[in-house]
Amino acid sequence: EKVLSEAMRRGYEYVAVTDHSQSLKIANGLTPERLRRQVDAVRKAEDLAGGVKALAGSEVDILPDGSLDMPADVLNDLDIVIGSVHSRFKMDRAEMTKRVVAAISSGRIDVLGHPTGRLIGQRGPYELDLPAVLGAAAEHGVCVEVHCFPDRLVLRDADCRAAGARGVRVSLGTDSHRVEHMGFIRLGVITARRGWLGPGDVLNTLGASELVQHLRGRRR
């Protein structure tokens, strides 16, 4: 409810709630049963949100073999699915690329989260053939995330430009753990602009009805 209230204050048409899935235990990731309960809670909260659309989703782990750590029947009930790598960061370039491309090709994710995994000052990017990943994203209609949190800021501006050149939309995500974090969206906007992207290159610029139609159309 706090997230929806902050979205109203900011004049947003919609907001997505995408907690981590079960493999990321350090973040208290949700099991399928807990995720189903959260989806119900998000949709009930939307009734009180004064017109803000609440998208019920999940940030799902991309496992080392490229599969996702959430059953397909659960994913099909979500409004939006982000797929992200959170383990085995030291896989070699070919293996990591195959892993990420498999997730993109699955038809189960809408957005590839923090595509290179870097944490500024803590961890460099994992080995990845980003042009191959962007090619797969273009082929399957998957967006790539511009992670707006200050310790990630990935995709970088040059990567945004590469995505735009291939016709791949980016999705700005704040990874907010508190409502104050929602303000980080500005950093993502700046990064996308530095990468020469315009409104048509960014998923978040769609209106609520357009976004819902887009998401439902591509995964179902």
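The values are calculated or read from the model by the stated rules, or taken from the named source; none is laboratory data. As the structure is a prediction and not an experimental result, all values here were calculated from the model. All Cβ positions, even for glycine, are placed from backbone atoms using ideal geometry, and neighbour counts span all protein chains on display. Accessible surface is based on the protein model in full, side chains and every heavy atom, while ligands, DNA and RNA are left aside. Shrake-Rupley method; radii C 1.70, N 1.55, O 1.52, S 1.80 Å.
What the table below lists for this structure:
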quantity	calculated
Qualifying residue in region 167-175 (condition: part of a helix (DSSP H, G or I) and not polar (S, T, N, Q))	no
When residues of region 53-87 are limited to those that are part of a loop (DSSP other than H, G, I, E, B) and among the hydrophobic types (A, V, I, L, M, F, W, C), the one nearest to residue 112 (Cα to Cα)	85
Residue satisfying all of: in region 106-123; open to solvent by 50 Å² or more (accessible area, probe 1.4 Å) and small (Gly, Ala, Ser); modelled with the highest pLDDT among these	106
Matching residues, region 97-136, being under 20 Å from residue 70 (Cβ atoms) and of a type in the set (Lys, Arg)	99, 108
Residue in region 207-217 that is under 15 Å from the mean Cα position of the chain (by Cα) and at pLDDT 95 or above present	yes
Scope region 163-186; condition surrounded by 17 or more Cβ atoms within 10 Å (Cβ to Cβ) and closer than 27 Å to residue 132 by Cβ; matching residues	163, 164, 168, 169, 170, 171, 172, 173, 175
Test for residue 193: is it surrounded by 13 or more Cβ atoms within 10 Å (Cβ to Cβ), among the basic types (Lys, Arg) and over 20 Å from residue 58 (Cβ atoms)	yes
Any pair with Cβ under 6 angstrom, 6 or more apart, that starts in region 176-189 at a residue that is part of a helix (DSSP H, G or I) and ends at one that is charged (D, E, K, R)	179/2; 179/6; 182/6
Residue match in region 131-152 (condition: touching a Phe, Trp or Tyr at 6+ places or on another chain (Cβ under 8 Å), open to solvent by 20 Å² or more (accessible area, probe 1.4 Å) and of a type outside the set (S, T, N, Q))	yes
Filter result for residue 99 (touching a strand residue (DSSP E or B) at 6+ places or on another chain (Cβ under 9 Å), among the charged types (D, E, K, R) and open to solvent by 40 Å² or more (accessible area, probe 1.4 Å))	no
Filter result for the condition that a residue is buried (at least 19 other Cβ atoms within 10 Å of the Cβ) and more than 18 Å from the chain's Cα centre (by Cα), over 59, 1, 6	6
Any hit, region 67-74, residues being touching a residue at least 24 places away in the same chain (Cβ under 8 Å) and surrounded by 21 or more Cβ atoms within 10 Å (Cβ to Cβ)	yes
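One line per residue, one yes/no per condition, for (1) among the β-branched types (Val, Ile, Thr); (2) more than 19 Å from residue 160 (Cβ to Cβ); (3) not in a loop (DSSP other than H, G, I, E, B):
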residue: 98; (1), (2), (3): no, yes, yes
residue: 121; (1), (2), (3): no, yes, no
residue: 127; (1), (2), (3): no, yes, no
residue: 135; (1), (2), (3): no, no, yes
